[in-house]
Amino acid sequence: MNVPIRMLGIATTIFWIILAGFIAFAAYSLKDLNFGVGEPQFAASFNHDLVVRLPLFIDNRGYYSLEGFNLTTVFSDENGTEISRASTFVAVIPHGENTTILHNVTLNMDRMAQRLSQYLFEDSEFMCAVKAGVDFAEILPTTLATNLTFPWGAPFCNFRLGQPQLSVATLSSITGKVPLTFDNHAAFDVTGNVRVKIFNANNMLLAEAQTDINAAKQSGFRGDLTFTVPAASAVSTASLQGHFEVYFSTPMFEYGPLVILYG
């Protein structure tokens, strides 16, 4: 009776030695596993979404395949409110191959503009919770989690409207302009138009003006909004006090009114 039990113990020991050796061999092959992250790519979709595409490069030169690779990212604002959640799953990353995985994060710019308008005008950062998991050699399930910050450049950083300036006058009307400037700190181009309503100190609408905008990423924009007011309104306009209501229309979002005082 003791012989079979002893043989079973020996067999179990041998099994665990082989398994330990297999795990050690699999872990040793991790030295031939390389990861890389490419530059994020930005693209606008038809429904006002900004798609951030993050390329991941996995060069699996080890002896075993990676199975069940999954990556989840959760973006949140400075108050911890979730902005976007995205997951990517790859069933198998074969050994001996170089694989590129595209992880897509979608940010709805309309929702951000209405709820988090500071991201349109102020550089900031998002909090990003990252969780990744993979089964290595079919027996080494691994999960990693970390928190990162994701820098955000505002598309209308340092947005400014200058004082209304009267220029050309006729018997019936006066033409003027409002200088407009901003810096596009975003990682994408900004196109569209800006429309402005001009009110005097008595909250009376004096004029409306709009201009097309086209600012490449990481560049500034300088332009003028041209408006016309009736000659009878010249006295009110000449007081140079009141406020603007600004409306933004781009392929990625609509926002307004932004109220700016002048005078």
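Can you tally the net charge around ASP224? Count Lys and Arg as +1, Asp and Glu as -1, for every other residue whose Cβ sits under 12 Å from the Cβ of ASP224.
+1
Fully extended, how many nm does the chain gain between PHE89 and GLN41 (0.36 nm per residue separation, minus their Cα-Cα distance)?
15.3 nm
How much net charge surrounds VAL178 when only the other residues with a Cβ under 13 Å from the Cβ of VAL178 are counted, with Lys and Arg +1 and Asp and Glu -1?
+2
Subtracting the Cα-Cα distance from 0.36 nm times the residue separation, let me have the gained length for PHE150 to THR226 in nm, one decimal.
Result: 23.5 nm gained on full extension.
Under 20 Å Cα-Cα from LYS197, which aspartates and glutamates qualify once same-chain neighbours fewer than 8 residues away are excluded?
GLU208, ASP212, ASP224, GLU245, GLU254
In the neighborhood of THR99, defined by Cβ-to-Cβ distances under 13 Å, what is the net charge if each Lys or Arg adds +1 and each Asp or Glu adds -1?
-2
With θ set to phi - 60° and the Karplus curve 6.51 cos²θ - 1.76 cosθ + 1.60, what are the ³J(HN,Hα) couplings of region 147-160 in order, to the nearest whole Hz, using x for Gly and Pro?
My calculation for region 147-160 gives 10, 10, 10, 10, x, 10, x, 6, x, 10, 5, 6, 5, 9 Hz in order.
Tell me, ARG222, ARG195 in order of fewest to most beta-carbon neighbours within 10 Å?
Exposure proxy ranking, most exposed first: ARG222, ARG195.
Which whole-Hz ³J(HN,Hα) couplings does region 196-209 yield from phi under the Karplus relation 6.51 cos²θ - 1.76 cosθ + 1.60, θ = phi - 60°, glycine and proline marked x?
Once rounded to whole Hz, the list reads 10, 9, 10, 10, 8, 5, 9, 6, 8, 5, 9, 6, 10, 8.
Between THR181 and LEU116, what is the label-to-label distance in nm when each label sits 7 Å out along the Cα-to-Cβ direction?
Each label point is offset 7 Å from its Cα along the Cβ direction, giving 2.9 nm.
From the phi of every residue in region 252-262, what ³J(HN,Hα) in whole Hz does the Karplus formula 6.51 cos²θ - 1.76 cosθ + 1.60 yield, where θ is phi - 60° and glycine or proline is x?
9, 6, 10, 8, x, x, 9, 9, 10, 7, 9
For region 33-152, report the translational diffusion coefficient in µm²/s to the nearest whole number, using Stokes-Einstein at 37 °C, 0.692 mPa s, and a Kirkwood Rh over Cα pairs.
Estimated via Stokes-Einstein, D reaches 209 µm²/s.
Quick note: the coordinates plus some simple rules give every number you see, no bench work behind them. Just so it is clear, the structure is predicted and the values come from calculations on it, not from any experiment. Reconstructed Cβ throughout: ideal geometry from the backbone, glycine too, with neighbour counts over all protein chains shown.
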